[in-house]
1. Report, in cubic angstrom per residue, the convex hull volume of the C-alpha atoms of region 7-56.
2. Sequence-distant or interchain residues sharing an amide H contact under 5 Å with PHE38, placed H: which?
3. From the phi angles alone, apply the Karplus equation (6.51, -1.76, 1.60; θ = phi - 60°) to region 25-41 and give each ³J(HN,Hα) in whole Hz, x where the residue is Gly or Pro.
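Coordinate-derived values only; no laboratory data. Please read these numbers as outputs of a predicted model, since none were measured by experiment.
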Amino acid sequence: MANQYRGKGSSAYQRQQQALKRLCRAKGIGCSNCGQPFDFADHNSKRGFTADHPEALANGGRLLGQKLVPLCRECNARKGKTQTDSVILRPAT
């Protein structure tokens, strides 16, 4: 039997990520770091939606079991492997 926790391609992770994306879109929630609205039309733009792990996987964080944090691509890239201290879901500015 295949391991259901095999990485970011796992269906459990993808469901969690998509649920957060739907919530942000429906409630108008922006990036938890900068507060800017997400560009849902262009995932590759600097304001594209990403679901970040508060404790980076590279630092031993778990793929599942962490609440994902909505960050824009620019803030996620800037964050790198550092840990997210607080999670604030706020309306986009």
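1. Details: hull volume 4.7 nm³, N = 50.
Convex hull of Cα atoms, per residue: 94 Å³.
2. Counting only residues 5 or more places away or on other chains, the set is CYS31.
3. 5, 5, 9, x, 7, x, 4, 5, 9, 9, x, 6, x, 7, 9, 6, 6
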